[in-house]
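In what follows, a structure is listed as structure tokens, so that the remarks can point back to it.
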Amino acid sequence: MSARRNKTQITVIGCGYVGLTTASCLADLGHSVVGVDASLERLNLLEVGKAPFFEPGLDDLVNSGLNSGNLKFTKNLEHAVSESQFVFLCVPTPSLENGSADLSIIYSVSKEMKDALPSGSVVVIKSTVPVGTSSQVSDWISRPDVEVVSNPEFLQAGRAISAFQNPDRIVIGARTADAKERVSNLYTNLNSKILCTDPSSAELIKYASNTYLASRLTFVNTIAELCEKTQGDATTVLQGMGLDKRIGEAFLQPGPGWGGSCFPKDTQALIAVASEAGSDSAFLNAVLESNEDRFTQIAKVVTQSLGDDSGKKIAMLGLAFKAGTDDIRESPSLKIASLLLESGMKVVGYDPQVNMAPLQGLEMADSPEEAAKEADVLLVLTEWKGFLGLDLPKLYKSMTGNLFIDTRNVFDKKDLVDAGFSVWRAGEGWI
Ligand code: UDX
């Protein structure tokens, strides 16, 4: 038997953000991992060690997996599955029209692999799925000799690898003690708290965590708006709150509203789960609505500062939904750009990781300086650290207007004022 055969054999289905991080990190832990994806284009990139999206450190980890032989990629799902003790499902579960999660890819993959699964293998659902999906997949697979386990991802774009390698917790939801132990053993080299529970509770932990964080940020932005309108200083108010250990200091940064591939989708899906269960979702609906209101409020800060003149030029710095990623899904920048374009403004965007215009009407610049040239307003929407290297007095001189709206509080306000700008900051308003 070869050395490879002695290792745990794992198939990871889906090589997107979650799947590729999971596959390369599991390979790094010493397991023998095969990543499966339906896109040949994506597989061609992966086979030469290139991640199909930007995530710090991921290219290196994929390359080291390929070089050690612990990581391989294929399109042949059935063959990969037939040699595996564990099959991780990392496929997308996008939102349907009514907000609930679309499980059609989970369904088709379950059907496709059901006969190829070796007896005694474990199917691990990492994709974010509504409560009850593990038992649904069990039914679709219809193999009493195969366990289906929920092991939700808590991936954080921009620090996906370190979040996998140093997790706050690993959640495993399984029906049998044996399956809990076997999945736990995959992670023994990670020094993490492992919470074992039933599949439904594990599925709910994922939705509840993301929706709690989204709700917390909506609260933070509500306080920020109040400070902006009352001359309070939200940074100090939030710091004062965070010092209370019951509240804690993380996730208290005010901003232009939250986005990304998870918070909006997961909040909507939890609302759908709640209404299907006959459970109250008024609070969650208000959270979503309030986040949309924040986008409108930021767009208004821009338009009201310019009067009713259309055709003014807005330089938008940052298009990704947060720094450290090229992901623009549900990005506050695009929501706000749409509102500004609708009100007749010209919007020129720049992002260090986004090259193509992701929105009709939005123009793209190759540098922050090019975006700012002859602009009336400079609007910062993503907290890229690289923006701090900008020559502010030079930027000021190149602009037509003098307005600087920093929705992420990236810049030091004194530096901006010294450069000549009239400044608006999240949680402070115009200063
Ligand atoms: C999130 C969850 O954190 C992760 O556990 C889950 O599995 C996937 O969804 P991610 O989408 O990568 O991760 O982004 P996150 O860092 O949570 O940020 C989400 C949004 O909140 C971003 O738009 C971000 O800019 C915003 N945010 C975050 C703030 O405005 N203020 C903060 O203090 C933190």
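Numbers below:
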{"item": "Residue count for region 314-327, restricted to those that are more than 10 Å from the ligand (Cβ to nearest atom) and over 17 Å from Val410 (Cα atoms)", "result": "2"}
{"item": "Flag if Ser138 is open to solvent by less than 40 Å² (accessible area, probe 1.4 Å), at pLDDT 95 or above and farther than 29 Å from Glu55 by Cα", "result": "yes"}
{"item": "Matching entry among Ala320, Ala337 (being buried (at least 24 other Cβ atoms within 10 Å of the Cβ) and assigned to a helix (DSSP H, G or I))", "result": "Ala337"}
{"item": "Number of the exception - Gly311 against (1) crowded, with 20+ Cβ neighbours inside 10 Å; (2) at pLDDT below 95; (3) not charged (D, E, K, R)", "result": "(1)"}
{"item": "Output for region 5-24, where each listed residue is of a type outside the set (Gly, Ala, Ser), outside any loop (DSSP other than H, G, I, E, B) and within 15 Å of Val183 (Cα to Cα)", "result": "Gln9, Ile10, Thr11, Val12, Thr22"}
{"item": "Test: Gly311 is of a type outside the set (S, T, N, Q), away from the ligand (no atom under 16 Å from the Cβ) and touching a helix residue (DSSP H, G or I) at 6+ places or on another chain (Cβ under 9 Å)", "result": "no"}
{"item": "Yes/no for Glu330 being away from the ligand (no atom under 16 Å from the Cβ), open to solvent by 40 Å² or more (accessible area, probe 1.4 Å) and either assigned by TED's automatic domain parsing to the domain that holds Ile298 or over 20 Å from Gln253 (Cβ atoms) (or both)", "result": "no"}
{"item": "Residue match in region 30-41 (condition: open to solvent by less than 50 Å² (accessible area, probe 1.4 Å) and assigned to a helix (DSSP H, G or I))", "result": "no"}
{"item": "Counted residues, region 280-302 - those being open to solvent by 30 Å² or more (accessible area, probe 1.4 Å) and either outside any loop (DSSP other than H, G, I, E, B) or not assigned by TED's automatic domain parsing to the domain that holds Ile405 (or both)", "result": "11"}
{"item": "Residue, nearest to Tyr207 (Cα to Cα), within region 107-120, restricted to residues that are of a type outside the set (D, E, K, R) and either free of Cβ contacts under 8 Å to residues at least 40 places away in the same chain or not assigned by TED's automatic domain parsing to the domain that holds Thr8 (or both)", "result": "Tyr107"}
{"item": "Close pairs from region 143-160: first within 21 Å of Val131 (Cα to Cα) and hydroxyl-bearing (Ser, Thr, Tyr), partner open to solvent by less than 50 Å² (accessible area, probe 1.4 Å) and more than 12 Å from the ligand (Cβ to nearest atom), Cβ under 7 Å, at least 6 apart", "result": "Ser150/Ile125; Ser150/Ser134; Ser150/Gly173; Ser150/Pro199; Ser150/Ala202; Ser150/Glu203"}
{"item": "Helices (runs of 4 or more DSSP H) contained entirely in region 157-265, each with at least 2 residues that are more than 10 Å from the ligand (Cβ to nearest atom) and in contact with a strand residue (DSSP E or B) (Cβ under 7 Å, 6 or more places away or on another chain)", "result": "177-186, 199-230"}
{"item": "Tabulated pairs, region 245-273, first without any contact (Cβ under 8 Å) to a residue 60 or more places away in the chain and open to solvent by less than 30 Å² (accessible area, probe 1.4 Å), second among the hydroxyl-bearing types (Ser, Thr, Tyr) and near the ligand (Cβ under 6 Å from one of its atoms), C-beta under 6 angstrom, 6+ apart or interchain", "result": "none"}
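The values are calculated or read from the model by the stated rules, or taken from the named source; none is laboratory data. Quick caveat: nothing in here was measured; it's all calculated off a predicted structure. Glycine gets a Cβ as well: all are built from the backbone with ideal geometry, and neighbour counts include every protein chain shown. Quick note on the areas: whole protein, heavy atoms, side chains included, nothing else; ligands and nucleic acids left out. Shrake-Rupley method; radii C 1.70, N 1.55, O 1.52, S 1.80 Å.
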